[in-house]
Each structure stands twice: as structure tokens, then as C-alpha cells.
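Below you will find the structure I want to go over with you.
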Amino acid sequence: ALQLEGIATECAGSAEQARRRLGRDFRGVVVSDIRLPKMDGMAFLREMLAVDPELPVVLITGHGDVTMAVQAMKDGAYDFIQKPFPPEYLVEVVRRALEKRRLVLEVRDLRRQLEQRDLLESKLIGRAPGMQQLRDRLTGLAGSAADVLIHGETGTGKELVARCLHDLSARRHGNFVAINCGGMAETLLDSELFGHEPGAFTGAQKRRIGKIEHASGGTLFLDEIESMPMTMQIKLLRVLQERTLERLGSNLLVTIDCRVIAATKEDLLALAARGGFRNDLYYRLGVATLTLPPLRERREDIRLLFEQFLLQAAARHQRPAPEISSGRIRQLVGYAWPGNVRELRNVADRCVLGIESGSPPFGQPVTDGPTPLAETVEAFERALIADALRRHGSLARTAEALVVAKTTLHDKVRKYGLGEDAAS
């Protein structure tokens, strides 16, 4: 009757068979008889509603009475139909139940999106366009199974982004396993990643589960992937392709199911061209790539971030949060921030502890009070040019990066006293 009305149906011979096909995000409704081979319809109803209290379940019986119908509705049934009944009545009930289910799932999806947005905005603070784009990309990637490569300078928050990806994904109930590829010797890295069996090497007295296997069902985060030895890159590539591994000292294959997120501060493609990284591993890891903007490219976020870090530091050190003058804010905004957000957090700690005097970015005395717009713009421009010169090394390359004429840049370098060496 349902199929004739164009409603897709899937049949199960018992409650046990149906149970394996149903979950919290099931996009349909359940129509079930009361009398079933093993578990009866009433018990099945209670079990399904324990999984999802909003799942519409329509019960049918030829043995029903008013008491059973009342009990079914109390237990949460969407409707109760007694045989015999006209087919069009069943179709009408199911259509109403499907519409209700559609609305419930739409509300859930919207609520999930709002929760994700709130989580990201509380974790990845910033109003700069680059941060808004990053949050949008994270939201789109979170629900996928794609491996992700995160690129960003030291201190930009690569591990924080990786954790956000994990927390927003379906793997959030699994382990988030982080390992620094540059933080240990190659021999230790082998055992750390793949695990080992007793007797695999001297001192291996019992089985050890490696990081990759421990991350199965969750997320494996490989920080500083560019520092991974070449021999280890080959082994990792095989694991990513086959999704199996062998512990050291074993010939048995272990199936693993984890999402891999790698992070680097290097241009891996350029590194691969120089022979320092495997091309095939780069393309295997870089299914999706996220680039984190350095703090100097999102200066409009500095005050917001600093105030947040001050509050956190004050709570951590159990001290009052100091008031920051407008002059200090100008120093913060005009500073180059080579250590990015991590350095900004450290400065906030020093401010709360009262030991910031004389250290960057508070190395020079300032005057408070109203500041002309032109002075603020000049301070920002000077910091931007100084940082670009430091990174690019020559006036020509700096002018190209800033999209400005070389003669114009030369004049500004002289104006701001950035040195004759930079102007050459």
C-alpha cells in the first residue's frame, strides 16, 4: 500500500532485524505489528524510543483494545492502528509521521550547526575575514572522513584547530591522539606509532599498543609532520593507503579506522621538490588543506584575543586582570608577533604577573590619551613593512609581496627609519 503511493519502504522480518538498521538519524518512520516472532511490538517501541525519543513508531494490531492503545500512546507511539483498516488510512498516518520526522531532523540539523558555530567561535576567536573563512571551512570538513593537512606558522594554533575538527566530527567520542613527529628519535617513533610485541627489541617485555591503533575510532594528530624521517614516511603512507598496520615483532595485520590530521609550518610541496618529503605522502595527507593566518595578518583581532587571554591568565594565576591603556593596545597592534597567538598569550600572562615592563612588545614608553588616526595608521604601516622586510629579505621581494612600487616602498623604509640595508 505504501509503495503504490510512492513511499519508499524497507521490510524486516523481526524486531531484531529492524533494530540493526535504525539509529538516531534514521530519516524515516517505523510501522510495526504488535505480535512479532520474538520481541513484541511494545518492547520494540520502548527500545527504539530509548535510542531516539522523537522517532515516529506506528503500531498495528488485530488483537488490540482500548487499554493497549492507551498504553502504546503513553509509551510514546506516534499512532495505534487496529486491524482491519483501509490502506489509505495507513498511508495518511505514515505521511503525517514522515512530515513530522522531516521537521524534527531539520531542527536537529539547525541546532547542531548552531552548536558547531558557537563551539568554533568560542575556541577560534576572531572577526578577521581569514578567521571567518577558517571557521566556515572547518564546519564543512567536520562531518567528512577526509584526512586534513593544516599549514600555519609556529604559534598559530594548529593543534587547537585539529581538536576542533575532532570535537565537531562523528568521531568525537573516540580518542584524540596527538604526537609530535619531531620530538623523539626515529627508533622511538617507530614503536610509538605502530606499537610492538613482547621481545620485538631489547627491553620490550610486553605488548604495547601504538598511537595509530589507539586512535582507531577517533583522530590521530601528527604535528610537525615535515620532521618525520623518510623511512617512517614510507611506513605511514602504507598505513594510510591500506588502513592496516603491523606492530613491531608481529606478522599479523591490525585494521585501523582513524582520521589523520597532520600539521606543518613548512611548504611541504616545496620541501618535496627538494627531496625532503615524499610527494605521494603529501598528496595522501592533503585531501583537504587548512591554512591558518598569522597574527600579523589579523591585527583587528589582537585586542579581542588579548582581553580574552588576560581573563584566562587572571583566573589561572588567581590575580585581578589589569586594565590595559590605549597606548599599550597601540603597542600590541603595531608589534610584528613572530610567535603569533602563542606569544600573545604569554604577554597576557606577563601582564597579569606584572613582569611585562621592558619586554616585547612593551619595550618603549608610550603616552596615553587620544591618538590621531594618522599616527595609528603610520604605526600599523611601519610594523607591517618591518615584518615583510624581515620575512622576504630584500626590498624587491618585499615590494612584490606588498603589491607596492619599489620606489614607494623605498621612501617608506627611509621615512620609518627601517635601515639602509633593507632599502638596498
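The values are calculated or read from the model by the stated rules, or taken from the named source; none is laboratory data. Owing to the predicted nature of the structure, the values given are computational and were not obtained by experimental measurement. Reconstructed Cβ throughout: ideal geometry from the backbone, glycine too, with neighbour counts over all protein chains shown. Note: accessible area is taken over every heavy atom of the protein model, side chains too, but ligands, DNA and RNA are not part of it. Shrake-Rupley method; radii C 1.70, N 1.55, O 1.52, S 1.80 Å.
If you scan segment 52-97, which residues turn out to be free of Cβ contacts under 8 Å to residues at least 40 places away in the same chain and touching a Pro at 6+ places or on another chain (Cβ under 6 Å)?
none
Tally up the residues in segment 248-289 that are open to solvent by 30 Å² or more (accessible area, probe 1.4 Å) and aromatic (F, W, Y), please.
So the answer is 2.
Given (1) part of a helix (DSSP H, G or I); (2) under 19 Å from I7 (Cβ atoms); (3) open to solvent by less than 30 Å² (accessible area, probe 1.4 Å), identify the lone condition not met by R108.
(2)
What are the residues in segment 226-235 that are assigned to a loop (DSSP other than H, G, I, E, B), surrounded by fewer than 16 Cβ atoms within 10 Å (Cβ to Cβ) and among the aliphatic types (A, V, I, L, M), if any?
Residues of segment 226-235 assigned to a loop (DSSP other than H, G, I, E, B): 228-229.
Keeping just the survivors that are surrounded by fewer than 16 Cβ atoms within 10 Å (Cβ to Cβ) gives 229.
If the condition is that a residue be assigned to a loop (DSSP other than H, G, I, E, B), surrounded by fewer than 16 Cβ atoms within 10 Å (Cβ to Cβ) and among the aliphatic types (A, V, I, L, M), then no residue fits.
Considering only residues of segment 338-349 that are of a type outside the set (S, T, N, Q) and assigned to a helix (DSSP H, G or I), which is surrounded by the fewest Cβ atoms within 10 Å (Cβ to Cβ)?
Filtering first and then ranking leaves R342.
Determine whether K74 is touching a helix residue (DSSP H, G or I) at 6+ places or on another chain (Cβ under 8 Å) and of a type in the set (K, R).
Criteria not met by K74.
If we scan segment 304-327, do we find a residue that is touching a Ser or Thr at 6+ places or on another chain (Cβ under 8 Å) and buried (at least 20 other Cβ atoms within 10 Å of the Cβ)?
Checked segment 304-327: no residue is touching a Ser or Thr at 6+ places or on another chain (Cβ under 8 Å) and buried (at least 20 other Cβ atoms within 10 Å of the Cβ).
Here is a further query. Could you say whether any residue in segment 256-264 is more than 24 Å from L168 (Cα to Cα) and under 23 Å from the mean Cα position of the chain (by Cα)?
We begin by selecting, within segment 256-264, every residue more than 24 Å from L168 (Cα to Cα); these are none.
No: zero hits.
Moving on to the next point. Does V239 fit the bill of being touching a strand residue (DSSP E or B) at 6+ places or on another chain (Cβ under 9 Å), part of a helix (DSSP H, G or I), of a type outside the set (S, T, N, Q) and within 21 Å of F176 (Cα to Cα)?
yes
Evaluate the following for L36: is it part of a loop (DSSP other than H, G, I, E, B), at negative phi and surrounded by 14 or more Cβ atoms within 10 Å (Cβ to Cβ)? If you could, list the steps in order and put the result at the bottom.
Working: part of a loop (DSSP other than H, G, I, E, B): yes; at negative phi: yes; surrounded by 14 or more Cβ atoms within 10 Å (Cβ to Cβ): yes.
Criteria met by L36.
Could I ask something else about it? Would you please name the residue that is farthest from the chain's Cα centre (by Cα), looking only at residues in segment 40-92 that are of a type in the set (V, I, T) and open to solvent by less than 30 Å² (accessible area, probe 1.4 Å)?
By that ranking, first place goes to T61.
So the check is Cβ under 7 Å with 6+ separation or different chains; which pairs have a first residue in segment 161-183 that's polar (S, T, N, Q) and modelled with pLDDT of 90 or more and a second one that's open to solvent by 10 Å² or more (accessible area, probe 1.4 Å) and not in a loop (DSSP other than H, G, I, E, B)?
From segment 161-183, the pairs are N175/H214; N180/D223.
Need pairs with beta-carbon distance below 8 Å; first residue closer than 18 Å to D136 by Cβ and within segment 289-307, second surrounded by 15 or more Cβ atoms within 10 Å (Cβ to Cβ) and polar (S, T, N, Q); sequence gap 6+ or separate chains.
Matching pairs, first to second residue: L292/T156; P293/T156.
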